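Colleague: Below is a structure I'd like to ask you about.
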Amino acid sequence: QVQLVASGGGLVQAGGSLKLSCTASGNIVSANNHWYRQAPGKQRELVATITFSGSTNYADSVKGRFTISRENSKNTVYLQMNSLKPEDTGIYYCNVQYIVEEYWGQGTQVIVSS
């Protein structure tokens with residue numbers, strides 16, 4: 001069982017930045033790590049991925065603005081969010097996906113005001 005603790009959300013004005021963190025209780029280097037978000041009234045969507053090999057992928061809506069990274073020694077995944085827009089508002093969840101199992105963090109809320 002791996003526990004994930006997400007932090008770093010908050011209220012920010014449009015154009016601002018936030019950095020989310022997700023710290024795991026276990027090793028996440030051998031897993032694919034994801035950040036999802038869920039806006040009010042919408043389905044959860046995949047925002048960014050960093051694979052076990054270090055490759056990254058982003059949703060089109062955040063390309064060029066968000067950066068996912070991982071600090072292996074701390075079992076922590078980050079999401080640097082720049083040039084934030086009101087449509088980035090939502091609850092952000094980290095996810096760790098192993099071959100057989102996956103785990104979710106509790107979510108951290110991001111509110112971007114216009």
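Colleague: Name the single residue that is least open to solvent (accessible area, probe 1.4 Å) among those in region 95-114 being among the polar types (S, T, N, Q) and over 19 Å from residue 53 (Cβ atoms). Steps first, answer last, please.
Modeller: Restricting attention to region 95-114, the residues satisfying the condition of being among the polar types (S, T, N, Q) are 95, 97, 106, 108-109, 113-114.
Cutting the leftovers down to over 19 Å from residue 53 (Cβ atoms) gives us 106, 108-109, 113-114.
On the way: 106: 105, 108: 17, 109: 110, 113: 41, 114: 135 Å².
Only one residue tops the list, namely 108.
Colleague: Name every residue in region 11-41 that is more than 11 Å from the chain's Cα centre (by Cα), closer than 17 Å to residue 84 by Cβ and either among the charged types (D, E, K, R) or surrounded by fewer than 13 Cβ atoms within 10 Å (Cβ to Cβ) (or both), in order of residue number.
Modeller: 11, 13, 15, 17, 40
Colleague: Here's a follow-up. Considering (1) open to solvent by 30 Å² or more (accessible area, probe 1.4 Å); (2) within 23 Å of residue 1 (Cα to Cα); (3) in a strand (DSSP E or B), say which one residue 57 fails and leave the rest.
Modeller: (2)
Colleague: Something else: Which condition does residue 83 not pass, out of (1) free of Cβ contacts under 8 Å to residues at least 60 places away in the same chain; (2) polar (S, T, N, Q); (3) assigned to a loop (DSSP other than H, G, I, E, B), if it passes all the others?
Modeller: All conditions pass for residue 83, except number (1).
The values are calculated or read from the model by the stated rules, or taken from the named source; none is laboratory data. Given the structure is predicted, the values throughout are model-derived calculations rather than measurements. Glycine also receives a Cβ, built like all others from the backbone with ideal geometry; neighbour counts cover every protein chain displayed. The protein model used for the area step is the full one, side chains on, heavy atoms only, and it has no ligands, DNA or RNA in it. Shrake-Rupley method; radii C 1.70, N 1.55, O 1.52, S 1.80 Å.
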